[in-house]
Amino acid sequence: MRISEFRLTRFQFARERVIGDSQVRADDVNIAALELIDEQGRTGLGFAQSLFRPLPALAEMIRVFQSEVWPGFEGQLPLGLVHRVNRPRGGNQRALSLPFEEALQVALWDLAAKQVGLPLHRLLGSRRNRVRAYASGLDFHLDDSEFTALFGHADAIGYNAFKIKVGHPDFERDLHRLDLLTKTVRPGALVMIDSNEAWGAKEALVKLTAIREAGFKLMWVEDPILRHDFEGLRLLRQGAPWTLINSGEYLDAAGKRQLMLAGGTDILNVHGQVTDVMRIGWLAAEMGIPVSLGNTFLEVGVHMACALPEVEWLEFSFQNFDHLVDEPIEIRDGWAYAPDRPGHGLVLSESARREWSRPALLPREDLGPPPFNPRVALAP
């Protein structure tokens, strides 16, 4: 049951809203679906995403994949690759020319789980099939009416925990958005904020104190200061004991390990690289540090969340990707449910491949209207 073929499908379409934070913004989607196919026709699916610039034309993507990736995958057993440990030295330690790394890990694990007939979360050792989900707006560039519509919709469909973007140059705007959120969602809702490293260490403590004194209770603050300022993060944990520090999002597995050893986080933020997440998740469990699953493409992170012992939360950010697969991850009443279908349970939609694949790069103005997704449609 060796890997015998691969297929790449390039997608490019408009987002249903501008997303972003205090540092970045994006209004279109540039992704590629990677399918690894074994000798019996089973397919492992992963997605490569470029947030801030278009991916090259499909022909160039295929050329890069064939040159940089395929020689190490063709004819290999998926289960023989998912745990492989490389020896990073010199020029062997380098990123791929295109962002295939996460797609490869997800596709390999999907195919490996299918070959043994298990849902991915079961193969990873889960003892449950659901995890709490919080509503994340990626809302920094929305105006107040758009902000209210988004979080009002999230509240109406059952979420009771909400994360907003802060870090505006005018701190009063951050306070205003917190006030707007608390007036929009249910009483007693859990509130998190994410400044995306907008603040310095002392500045963060001053602003977190001001937020508290203004009457806002925060469950956590995410990435308040620079990712490598481990000492600043440790001191911030001590100086703001009334909230939790969620950090590690921008660090690789080695950086996350250093962060935890330095005492720089209350909650470790991980994303979609299955092998890396499980390895660092095991270490977090050894150290008694909770883990949160940040944005993972099409919420595939629910499998790792259900398999790791220290995970309480999965992020859902209302992005219009659901049309890409036949059956997306179920999220109901503030809980995300891991599918019991073999693999990760996501199958690329053939209608999406026909209607939304874009082999050639299109100018932004030629993308047309965004796909409709009822799960992210905002209430009027």
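The values are calculated or read from the model by the stated rules, or taken from the named source; none is laboratory data. This one's a predicted model, so the numbers in the text were calculated from it and none came from an experiment. Ideal geometry is used to build each Cβ from the backbone, glycine not excepted, and the neighbour counts take in all protein chains shown.
Rundown of residues vs (1) at pLDDT 95 or above; (2) surrounded by fewer than 15 Cβ atoms within 10 Å (Cβ to Cβ); (3) within 30 Å of residue 196 (Cα to Cα), yes/no style:
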{"site": "27", "(1), (2), (3)": "no, no, yes"}
{"site": "34", "(1), (2), (3)": "yes, no, yes"}
{"site": "56", "(1), (2), (3)": "yes, no, yes"}
{"site": "61", "(1), (2), (3)": "yes, no, no"}
{"site": "80", "(1), (2), (3)": "no, yes, no"}
{"site": "90", "(1), (2), (3)": "no, yes, no"}
{"site": "98", "(1), (2), (3)": "yes, no, yes"}
{"site": "106", "(1), (2), (3)": "yes, no, yes"}
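Looking at region 241-264, which of its residues are hydroxyl-bearing (Ser, Thr, Tyr) and surrounded by fewer than 16 Cβ atoms within 10 Å (Cβ to Cβ)? Answer for region 241-264, where residues must be hydroxyl-bearing (Ser, Thr, Tyr) and surrounded by fewer than 16 Cβ atoms within 10 Å (Cβ to Cβ): just 250. The number of residues in region 2-28 being more than 17 Å from residue 317 (Cα to Cα) and either in contact with a Cys (Cβ under 6 Å, 6 or more places away or on another chain) or aliphatic (A, V, I, L, M) (or both) comes to 2.
Out of (1) in a helix (DSSP H, G or I); (2) within 30 Å of residue 18 (Cβ to Cβ), the odd one out for residue 109 is which? Every condition holds for residue 109 apart from (2).
The number of residues in region 212-238 being more than 30 Å from residue 160 (Cβ to Cβ) and in contact with a helix residue (DSSP H, G or I) (Cβ under 9 Å, 6 or more places away or on another chain) comes to 7.
Filter region 112-125 down to residues that are in a loop (DSSP other than H, G, I, E, B) and closer than 16 Å to residue 276 by Cα and give me whichever is nearest to the chain's Cα centre (by Cα). Per the criteria, the residue is 124. A Cβ distance below 6 Å, combined with a sequence gap of six or more or placement on separate chains, defines the contacts here; from region 179-200, residues that are among the aromatic types (Phe, Trp, Tyr) reach residues that are surrounded by 22 or more Cβ atoms within 10 Å (Cβ to Cβ) in the pairs 199/224; 199/225.
Condition check ((1) over 26 Å from residue 10 (Cα atoms); (2) within 14 Å of the chain's Cα centre (by Cα); (3) not assigned by TED's automatic domain parsing to the domain that holds residue 105; (4) not hydrophobic (A, V, I, L, M, F, W, C)) across all residues:
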position: 245; (1), (2), (3), (4): yes, no, yes, no
position: 261; (1), (2), (3), (4): yes, no, yes, no
position: 264; (1), (2), (3), (4): yes, no, yes, yes
position: 282; (1), (2), (3), (4): yes, no, yes, no
position: 296; (1), (2), (3), (4): no, yes, yes, yes
position: 301; (1), (2), (3), (4): no, yes, yes, yes
position: 357; (1), (2), (3), (4): no, no, no, yes
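Against the list (1) at positive phi; (2) assigned by TED's automatic domain parsing to the domain that holds residue 51; (3) not small (Gly, Ala, Ser), the condition residue 362 fails is (1).
For residue 97, the criteria (1) closer than 25 Å to residue 328 by Cβ; (2) in contact (Cβ under 8 Å) with a residue 12 or more places away in the chain hold in every case but one, which is (1).
On the stretch given as region 331-366, residues that are among the charged types (D, E, K, R) and touching a Ser or Thr at 6+ places or on another chain (Cβ under 6 Å) total 1.
From the residues in region 74-106 that are outside any helix (DSSP H, G or I) and more than 25 Å from the chain's Cα centre (by Cα), which one is nearest to residue 299 (Cα to Cα)? My answer is 77.
Checked against the criterion of being β-branched (Val, Ile, Thr) and surrounded by fewer than 17 Cβ atoms within 10 Å (Cβ to Cβ), region 158-168 contains not a single residue that satisfies it. Taking the conditions exactly as written (surrounded by 17 or more Cβ atoms within 10 Å (Cβ to Cβ), at pLDDT 95 or above, touching a strand residue (DSSP E or B) at 6+ places or on another chain (Cβ under 6 Å) and not assigned by TED's automatic domain parsing to the domain that holds residue 137), does residue 65 satisfy them or not? Taking the combined requirement at face value, the residue does not satisfy it.
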